[in-house]
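What follows is calculated from the coordinates using simple rules that are stated; it is not laboratory data. These figures come from a predicted structure and were not determined experimentally. Here Cβ is always computed from backbone atoms with ideal geometry, including for glycine, and neighbour counts include all displayed protein chains.
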Amino acid sequence: MSAAIHLAGANLHYAAVAYVERSLKALLASAVRRAPRPAVRDVHALRDVTLEIGPGERVGLMGRNGAGKTTLLRAIAGLYPLSSGSLEVSGAVRGLFELALGFEPDATGRENILYRGLLLGLTPAQARAIEPDVVAFADLGEFIDYPLRTYSAGMLVRLAFAITTSVGGEVLLIDEVIGAGDAAFMAKARKRIDDVIARAEILVLSSHDFASLQRLCIRGIVLHHGRVVYDGAIDSAIDEYRRLNGLV
Amino acid sequence: MDYLRKIWQARYFWTHLALSDLRTRWRRSFLGALWSLIQPLAMTALLTLVFARIFKTDMLRYAPYIFSGMITWDFVAATVSSGSLAFVQADAYIKQTRHPLAIYTLRTALTNLCVFAFASVGLVIWVLSAMPGNFGWSWLSALLIYPLLLTTGWTIATCLAFFATRFRDIPHALGLLLQALWFVSPVYFEADVFHKAGLAALVDYNPIYHLLQIVRAPLLSGQWPTLTNLLFALAVPAVFGLLAWGLGRALERRVIFYL
């Protein structure tokens, strides 16, 4: 099966009630309050997004904070429900959104390979099967048998990236985190992503780091206030992003 | 059905979560798992001393009654109150992968069931040595308590978790409600006390009483639980299971906005 992502006219609203009226007290208070409170409207996080991403594509996602990068990735992963429009994803989705997640700080790196593997839906046998590969790729030396609390951010990235890319799956979504890796790691990550793409899979990477975007991606998408404002080659996408934000 | 299948597919993940909860609970304490036994035992000793005097009953017979009530009630209270926050607690996982939400309440129920199972072994040993005459085939029926407790705790916790994620007052209100429920149920007080006081309805129509009878009838009197006991004990998970299913259909996808 070849991987693909189709988004057509996708809109996504964050329910504003989630940020106010958290408690019954607030709910009751609003019933008796005479002066209306400043209305909090639903956050319109994605506006009419239409995208086609086909097998073997590697896409870089750019935009300022709050432009909708993370929301778009999480919507593709099926975590956030769309308020309108359609989303079809073929292929198993693997997301790398937040680093410390699914990790247990008191367990060793090796144990955490098992835990995160289980989180991603592997059986214990499968998780043990990917272990040598992950250990080799993460290249943490003796630290692999140390508790995770002793790891630096860069080491966490290496471990998390190694696990997520070893698990397999056709659509790889990576949010920001990759920037914490050092240069040697970036070179390895690039090779790894080449392998992933060679299997006709998809990479969508969101980042503020133009250098890693240029190294890893071919196509670039610029988001601005929840809209896709540019979609094309990565270099021109970076130029467009710079122009849009007055960085030139 | 598809939902249940997905829960089954994620089984390695939630069993791992439950086990790691148990490890955290017992880590770095010298007696470790034994605390799950010592705590209710000590409490039972205390309550027996007082209640046996007040109600003028035989201490040796009354103590296992209190103990059986205590460990079962502890399971229900712990599962319901911490289960209501299961989604909030698992927000990191929910924001990262798409597993059925019910696995997070299942994790809470499973963790507490292990604690209960451990304490229940203590109960069995106690009853075997104190009242060996009760031993018989009827004891097989007591095994039903494990699946019954698991499904009861799981379904109630799932229903509550949907609300508690939005209204963070629920856990506080729940403490009050649980105390009230405990007070009107024959958890520590004997059913006869309620009957004599003309409060028979609090026993006869109380699912908590019937659930407790699944353990108490065989272990403490050597009898089979009645069909009524079983039907009441099954009705609770059935009702809450349906409710949880309905709530899940309406709210499951939106929970992530409230985390």
*Could you point to the residue in B:Ala142, B:Leu174, B:Ala244 farthest towards the positive end of the range B:109-259's charge dipole, with +1 and -1 charges on the Cβ of Lys/Arg and Asp/Glu respectively?*
B:Ala244
*asked:* Relative contact order of the range B:143-259, please, whole-number percent, based on alpha carbon pairs below 8 angstrom and at least 6 residues apart.
replied: 39
*asked:* Cut-off 10 angstrom, C-alpha nodes, Gaussian network model of chain A. Which of A:Leu156, A:Leu205, A:Leu28 fluctuates the most?
replied: A:Leu28
*At what distance in nm do the modelled label points of A:Ser152 and B:Val239 sit from each other, each positioned 7 Å from its Cα along Cα→Cβ?*
6.0
*At 0.36 nm per residue, minus the direct Cα-Cα distance, what do A:Ala198 and A:Ala211 gain on full extension? Give it in nm, one decimal, please.*
2.5 nm
*asked:* Using Cβ counts within 10 Å as a stand-in for footprinting exposure, how do A:Thr70, B:Thr24 rank, fewest first?
replied: B:Thr24, A:Thr70
*With a ≥ b ≥ c taken as the square roots of the eigenvalues of the C-alpha gyration tensor of chain B, please select rounded if a/c is under 1.5 and otherwise prolate if a/b is larger than b/c or oblate if it is not?*
prolate
*asked:* Let me confirm one metric for peptide B:155-168, namely the mean number of other chain beta-carbon atoms within 10 Å of its residues' beta-carbons.
replied: 1
*Please work out the Cα convex hull volume for the range B:16-144 and give it in Å³ per residue.*
131
*the range B:54-93-the range A:123-148 distance, computed between alpha-carbon centres (Å)*: 40
*Let a ≥ b ≥ c be the square roots of the eigenvalues of the Cα gyration tensor of the range A:4-244; is it rounded (a/c under 1.5), or, if not, prolate (a/b larger than b/c) or oblate?*
oblate
*For the range A:4-244, calculate the relative contact order in percent as a whole number, restricting contacts to Cα pairs under 8 Å that are 6 or more residues apart.*
28
*Comparing A:Gly141, A:Gly109, A:Gly85, which has the greatest mean-square fluctuation in the GNM of chain A with Cα pairs linked when under 10 Å apart?*
A:Gly141
*How big is the Cα convex hull of the protein assembly as shown in projection, averaged over all directions, in nm²?*
29.5
*If exposed chymotrypsin sites (Phe, Trp or Tyr not before Pro) are those in a DSSP loop with at most 10 other Cβ within 10 Å, what is the longest stretch of chain B that has none?*
B:31-136
*Please build a GNM for chain B, connecting alpha carbons under 10 Å apart, and tell me which residue among B:Ser221, B:Ser82, B:Ser129 fluctuates the most.*
B:Ser129
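Run the dipole for the range A:4-244 about the Cα centre, Lys and Arg Cβ at +1, Asp and Glu Cβ at -1, nothing else charged, and hand back the magnitude in debye, nearest 20.
Roughly 1000 debye, rounded to the nearest 20.
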*Rank the residues A:Val196, B:Val50 as a footprinting-exposure proxy: fewest other Cβ atoms within 10 Å of their Cβ go first.*
B:Val50, A:Val196
*Based on other C-beta atoms within 10 Å, arrange A:Ser236, B:Ser81 from fewest to most.*
A:Ser236, B:Ser81
*Between A:Ala15 and B:Leu143, what is the spin-label point distance in nm, taking each point 7 Å from the Cα along the Cα→C-beta axis?*
4.3
*Just need the relative contact order of chain B here, percent rounded to a whole number, with Cα pairs under 8 Å and 6+ apart.*
25
